[in-house]
Amino acid sequence: MTITSTRFLRLVVSVLLSAGTGAAMAQVPPASIAGTIWNLTIAGQPASPLTIDTQAGPGAPGNQDCRNLHGVLGDQVPVEGFYCVANGHLQLLHKNIGSRNTVRVFSGEVFIGPTGQSLMRGVVGNHASAFGDLGYFGFVAEAQ
């Protein structure tokens, strides 16, 4: 899946405008992101689908404030992590398919944008040169 320059710019502008709304217009994160598919763009590269398959419930062990997540990046790459419902914080670990070692770490937030769409923004730490230069890169995503 590719994302056009115009669509990417609109998404970035929407995310930046949302970031500048301040405390007067505090954003409420969605209660659940289970069953969602996102168009994920890292550092302006072509978009990849990110599917969040499951989100643990509040009664699960260790899930009082944040909920376990499991999903897939692209067609088959496993991701797992947590989503904090109260503040929208999110962290996902991109696991190598064969070794199950973590190769990228996504840290960010999920929120409802100014026009009602679910958005995600943050930083991805790249720990494997197979995905480009090592280091930190910005990411944005919007729910389909």
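The values are calculated or read from the model by the stated rules, or taken from the named source; none is laboratory data. Bear in mind the structure is a predicted one, so any value in this text is a computation, not a measurement. So basically every Cβ, Gly included, is an ideal-geometry build from the backbone, and we count neighbours across all protein chains shown.
A few points about this structure:
- Of all residues making up region 55-85, the number that are within 14 Å of the chain's Cα centre (by Cα), part of a strand (DSSP E or B) and among the β-branched types (V, I, T): 2
- Among the residues of region 106-116, none qualifies, meaning not one is assigned to a strand (DSSP E or B), out of contact with any Pro (no Cβ under 7 Å at 6 or more places or on another chain) and of a type in the set (A, V, I, L, M).
- Qualifying residue in region 63-74 (condition: loosely packed, with under 15 Cβ neighbours inside 10 Å and closer than 16 Å to P29 by Cβ): yes
- Selection over region 113-144 of residues that are within 9 Å of the chain's Cα centre (by Cα) and of a type in the set (S, T, N, Q) gives a count of 0.
- Residue tally, condition in a strand (DSSP E or B) and either crowded, with 16+ Cβ neighbours inside 10 Å or modelled with pLDDT under 95 (or both), over region 23-37: 1
- Considering residues of region 86-112 that are within 14 Å of the chain's Cα centre (by Cα) and charged (D, E, K, R) only, the residue nearest to Q76 (Cα to Cα): R104
- The set of residues in region 117-133 being assigned to a strand (DSSP E or B) and not β-branched (V, I, T) consists of S118, L119, M120, R121, G122, G125, N126.
- Of note, L40 does not satisfy the criterion of being assigned to a strand (DSSP E or B), closer than 15 Å to P29 by Cβ and touching a residue at least 24 places away in the same chain (Cβ under 8 Å).
- The one condition from (1) within 20 Å of V85 (Cβ to Cβ); (2) part of a strand (DSSP E or B) that Y136 does not meet is (1).
- Taking region 128-144 as the range and being under 30 Å from Q27 (Cβ atoms) and either out of contact with any helix residue (DSSP H, G or I) (no Cβ under 7 Å at 6 or more places or on another chain) or exposed (fewer than 13 other Cβ atoms within 10 Å of the Cβ) (or both) as the test, the residues that pass are F131, G135, Y136, F137, G138, F139, A141, A143, Q144.
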